[in-house]
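Asker: Quick one: the structure is below, questions incoming.
The values are calculated or read from the model by the stated rules, or taken from the named source; none is laboratory data. Values in this document were obtained by computation on a predicted structure and should not be read as measured data. We place every Cβ from the backbone using ideal geometry, glycine too, and count neighbours over all the protein chains shown. Surface areas here come from the heavy atoms of the whole protein model, side chains and all, with no ligands, DNA or RNA. Shrake-Rupley method; radii C 1.70, N 1.55, O 1.52, S 1.80 Å.
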Amino acid sequence: MTQILPRSPLLNAQGVSKRFGAVAALKDASLSLAKGEIVALMGANGAGKSTLVKILTGALRHDNGQILIKGQDRRIGSPRAARRAGLVPVYQEPSLIPDLDVRDNLRLGDTPVEPFLHWVSELGLPDLRLDAMIGRLPLASLRILDLARAIAAEPDVLLLDEMTAALPADLVDRVLTVVRAQADAGRSVIYISHRFTEISTLCDRATVLRDGVTVGDLPIEPGIEERIVELMLGAGVASAAQSRPPKPRPAGQKPRLSVRGLAAGTKLTDVSFDLHAGEVLGVVALEGQGQDEVFDVLAGARKSLRGTVLVKGEPAHFAHPADAIAKGLTFVPGDRAHALLMQRSVRENIALPLLARLRNWGPIAMAAEGARVGAAIERLQIDTRAQGEVRRLSGGNQQKVTIARWVAKGVDTVLLFDPTRGIDVRTKRQIYDLVRDLADQGAAVLYYTSELAEIRLACDRAIVIFGGRVVDQIEASAASDAHLMRAAYGLTEKDRATEKDGATA
Amino acid sequence: MTKEPSRLSRALSDYPLIPLTLLLVVLVVALELLRPGIVNERWIANTIKFAIPLAMLAACQTLTMLTGGIDLSAGVAATVVAFVMATQVPVLGVPLAIAVSLIPAIAMGLLNGFGIAICRVHPLIMTLGTGLVATGCLQVYQRFVIASGSVVPESLAWLGTGRTLGLPNSLALFLPFAALILLAQRQTGFGRLLYAIGSNEGAARLSGVRTWQVYFTLYALSGVIAGITGLLYVGLIKAPSLSLVNPMLLPSVAAAVVGGTSIFGGRGGYGGTILGALILTVLGTLLTLVQIPEGARGVFFGLIILAVTAIYMRLTNQT
């Protein structure tokens, strides 16, 4: 049913270019979309994906090129014009107003309530109340509301930007089903994602951008992933990262971090695990199983109700993030916006923890700081062309800055919460390499991921949390997606006395 | 997501003081055209003399605004210090009177810090309240010291009004002060933390910053700066009163805002504020020379500040 050149394209952009000063963000981008077709828009960070999306949705104007919608040349001057032309986007960041309830948000966008509720329910949130305050809903629900709102507007073209990035596996399935049904009903979808499994099950074609140029337009067929990665990365770079053999753990070594019977909030009821120096421990969980609370407690950002935390065998209690940092526990939150000073420079962002303590309030040794920050930038290969303000960096580079901060400070135990969410393949691999590197140098890493494959790519061992408890513990090399997924749904609950199985090697 | 800035606005946001300097030059040229010969050595010295207390009080606003706060008690703190000092000089002598007079300003700052950091009261409300409380206390205090009279020490009068080699003596206080603030805001840990808290308080906390320490220090520091401003200003005016520095409060906020410091925090700096204070002082002179009624002058003053700030924020892409 797919063809490289679709019949009478609904949307056809040809030779689109856009410059920002001296930088050409897009040089020759093309994208066409037939009625009822789902096209994946792919490209590494900085390839021009975001720019093309902003042009299509009216947030930016292109310099050259042609955009035909239903055969008519349209210059989309504003987001409103894009909607009138039938193009409705769902962006990565939720576009709902936190201080209003669901009903008022719908009213603002003139969204019809009945179809909206229908789609929310289809998408897996049947219990949504219209008087729920947006600010109190979890991120995953907000993404679902955004999508339902977009579908309820009955667009010709749906533009989904990393729609599934913050979603738990069960909601992802719902979303994919609904999006497929929308396409079967004659709507077209531009689908931006870094997840190949979704793209291969959902999309008809993939359009690949590299350095502002459309370098490929391929039908999706089995085995296409490697070809797309090759196109995105350019020649020579593509080869899937290997999973590592299990690592023998020295016997009798005291764990860097021991958590026993930890409970916090309403979701985290009883979590125990050990994390050793030199180890990357993966955490797998569906949305809202208590993993946020585990990380927050260990980061000193939330109080625990019960349980003990031992750092190098010593009991530790964190009333403030500064207490956790003093014990060597450093936290990279899942949402970059929570960690970064968006208007400040890369340097100020990275140097921030170095200045936090009262005794460092005095004059800064600028040369020493520069060297330390420079080394961290070098190690993470941060693109420093726009280092004056972090908000001008790409998502991947912003994520690197949040990690570089702790690399510059000196890493002991790192708590990474979904560090590769919504960033491109190349940056993901750099982060896996870095995590490995840190562990090899003696750091202990706790690594929550929403992408199951990362357990094999980045971790030594994994625990699975379900219903606020650890339900499984497995060596990374043996952790198949199917096994992890079953465990994450609470289907293979083992005896929880697994902490004593130190002799697995 | 983020709007892509043009090359001009990127250059301007990298060097935000250039448009302000240009504006200042334009105003001075306009003044000279309006009244040829007015811009001479004496006028410059006078302008600087009146701009300095404004720039100093505006330091309180700049530093607190960097964290997303404001210090509306700064004017009252300055007044309190000036009044307490002048009334204590006959009793305690000059050095001790100055030392004692700064105590209420520090106390006001600590109270502000407590309300803002611990009780999480918005800085606008907290400092407004502290200012009102302090004004009341000052009125009570006045009843008790009515007999002792007040004296403005010679040294402060020299500092406030005197000139050496054609330049106002207050520069001897202001230049080191300004150098210290400019250095502190970028090259000390404390200064960086002000920007960090103003950009993203949560991120600062997660990086290990105990923000209450910063707030207490910041507002106490703001109180001290306001107090020193009060001492300088009473030396300039030579007549302590219960509302001496109070009328300078809103201009001090305006000087910081015109100077490019964002009231939402995380952006700006003291360099712009100094230019902002000079711009406001020159603008005041300019409007005094134009033959228009007092009311219309106020209207123009306000409109010009609004226009300058709006254009400047647009140019430096702060929206």
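Asker: So for segment A:11-233, if I pair up every lysine 8 or more residues apart or on another chain, how many of those pairs have alpha-carbons under 13 Å apart?
Answerer: The number of close lysine pairs in segment A:11-233 is 5.
Asker: Inside 10 Å of the C-beta atoms of B:186-198, what's the mean count of C-beta atoms belonging to other chains?
Answerer: For this peptide, the per-residue mean of nearby foreign Cβ atoms is 6.
Asker: For the residue pair B:Thr288 and B:Ala239, what label-to-label distance in nm results when each label sits 7 Å from Cα along the Cα-to-beta-carbon direction?
Answerer: Label at B:Thr288, label at B:Ala239, 1.6 nm between them.
Asker: What is the angle, in °, between the Cα long axis of helix A:346-355 and the longest principal axis of the Cα atoms in chain A? Nearest 10 is fine, range 0 to 90.
Answerer: Relative to chain A, helix A:346-355 is tipped by roughly 20 degrees.
Asker: Moving on. Mind checking the mean number of beta-carbon atoms from other chains within 10 Å of the Cβ atoms in A:286-292?
Answerer: 0
Asker: If you fit an axis through the alpha-carbon atoms of helix A:169-184 and take the longest principal axis of the Cα set of chain A, what angle between them do you get, 0 to 90°, nearest 10?
Answerer: Orientation of helix A:169-184: about 10 degrees from the principal axis.
Asker: Starting from the residue with the highest accessible area, list B:Tyr15, B:Tyr195 in decreasing order, probe 1.4 Å.
Answerer: Ranked list, largest accessible area first: B:Tyr15, B:Tyr195.
Asker: Which one of A:Ala13, A:Gly467, A:Phe196 has its Cα pushed farthest toward the positive end of the charge dipole of the protein assembly as shown, where Lys and Arg give +1 and Asp and Glu give -1 at the Cβ?
Answerer: A:Ala13
Asker: Right, next: Restricting things to alpha carbons, tell me how big segment B:7-315 is in terms of Rg and Dmax, in Å.
Answerer: When restricted to the Cα atoms of segment B:7-315, Rg and Dmax are 19.5, 65 Å.
Asker: Looking only at trypsin sites (Lys or Arg not before Pro) in DSSP loops with at most 15 other Cβ atoms within 10 Å, what is the longest site-free stretch of chain B?
Answerer: For trypsin sites (Lys or Arg not before Pro) (loop position, at most 15 other Cβ atoms within 10 Å), the longest site-free span of chain B is B:121-237.
Asker: Sticking with this structure for a sec: Remind me, relative contact order of segment B:178-319 in percent, using alpha carbon pairs under 8 angstrom and six or more residues apart?
Answerer: Value for segment B:178-319: 21 percent.
Asker: Against the longest alpha carbon principal axis of chain A, how many degrees, from 0 to 90 and to the nearest 10, is the axis of helix A:366-380 turned?
Answerer: 70
Asker: Shielding of A:386-398 by partners, i.e. mean partner chain Cβ atoms within 10 Å per residue?
Answerer: Other-chain Cβ atoms within 10 Å of each residue's Cβ, averaged: 2.
Asker: From the phi angles alone, apply the Karplus equation (6.51, -1.76, 1.60; θ = phi - 60°) to segment B:116-121 and give each ³J(HN,Hα) in whole Hz, x where the residue is Gly or Pro.
Answerer: Here the 3J(HN,Hα) series is 7, 7, 8, 8, 6, 7 Hz.
Asker: Also: Say the dipole of segment A:11-233 comes from +1 at the beta carbon of Lys and Arg and -1 at that of Asp and Glu; which of A:Ser30, A:Ala132, A:Ile97 then lies farthest toward its positive end?
Answerer: A:Ser30
Asker: Beyond 30 Å, what share of the Cα-Cα pairs of segment A:11-233 is found? Please give it as a whole percent.
Answerer: Beyond 30 Å sits 22 percent of the P(r) for segment A:11-233.
Asker: Here's another thing I want to ask about it. Which whole-number percent is the relative contact order of chain A (Cα, under 8 Å, 6+ apart)?
Answerer: Result for chain A is 15 percent.
Asker: Once every Cα of segment A:124-237 carries one equal point scatterer and solvent is ignored, give the base-10 log of I(q)/I(0) from the Debye formula at q = 0.09 Å⁻¹, two decimals.
Answerer: Debye intensities relative to I(0), on a log10 scale: -0.29.
Asker: I've got another one for you. Show me, for segment B:270-286, the HN-Hα J-couplings you get by feeding each phi into the Karplus relation (A = 6.51, B = -1.76, C = 1.60, θ = phi - 60°), rounded to Hz, glycine and proline as x.
Answerer: Along segment B:270-286, the couplings run 6, x, x, 4, 4, 4, x, 5, 5, 4, 5, 5, 5, 4, x, 4, 4 Hz.
Asker: Here's another thing I want to ask about it. Mind giving me the nanometre distance, one decimal, between the label points for A:Ala367 and A:Thr177, set 7 Å out from Cα along Cα→Cβ?
Answerer: 6.5
Asker: Give the cross-link partners of A:Lys267 among the aspartates and glutamates, using a straight C-alpha distance below 17 Å as the criterion and excluding same-chain residues fewer than 8 apart.
Answerer: The qualifying aspartates and glutamates are A:Glu287, A:Asp292, A:Glu293, A:Asp296.
Asker: Give the value in nm², to one decimal: projected area of the alpha carbon convex hull of the protein assembly as shown, averaged over all directions.
Answerer: 40.3
Asker: Let me cross-check B:Ile304: its accessible surface, 1.4 Å probe, with only protein heavy atoms counted, in Å² to the nearest 10?
Answerer: 60
Asker: Counting just the Cα atoms, what span does segment A:345-488 cover along each of its three principal axes? Round to the nearest Å and put the largest first.
Answerer: For segment A:345-488, the Cα spread along each principal axis is 53, 32, 27 Å.
Asker: Can I ask one more? Specify which residue in the list A:Val271, A:Gly307, A:Val297 is farthest towards the positive end of the charge dipole of the protein assembly as shown, using unit charges on the beta carbon of Lys, Arg (+1) and Asp, Glu (-1), about the Cα centre.
Answerer: A:Val297
Asker: If you don't mind, there's one more thing I want to ask. What percent antiparallel are the DSSP beta bridges of the protein assembly as shown, to the nearest 5?
Answerer: Of those bridges, close to 55 percent are antiparallel.
Asker: Summarise the accessible area of the protein assembly as shown (1.4 Å probe, protein heavy atoms) by the percent that is carbon and sulfur.
Answerer: Roughly 59 percent of what the probe reaches on the protein assembly as shown is carbon or sulfur.
Asker: Assign unit charges at the C-beta atoms only (+1 for Lys and Arg, -1 for Asp and Glu), then state the dipole size of the protein assembly as shown relative to its Cα centre in Debye, rounded to the nearest 20.
Answerer: Dipole of the protein assembly as shown, to the nearest 20 debye: 1720 debye.
Asker: Relative contact order of segment B:7-315, please, whole-number percent, based on alpha carbon pairs below 8 angstrom and at least 6 residues apart.
Answerer: 33
Asker: May I ask for the Kirkwood hydrodynamic radius of segment A:402-485, worked out over all distinct Cα pairs and given in angstroms to one decimal?
Answerer: 13.6
Asker: Hey, another quick one. Could you pull out every residue, at least 5 positions away or on a different chain, whose amide H is within less than 5 Å of the one on A:Gly282? Hs are placed 1.01 Å off N in the peptide plane, and Pro or chain starts have none.
Answerer: It is A:Tyr447, A:Asp460, A:Arg461, A:Ala462, A:Ile463, by chain and number.
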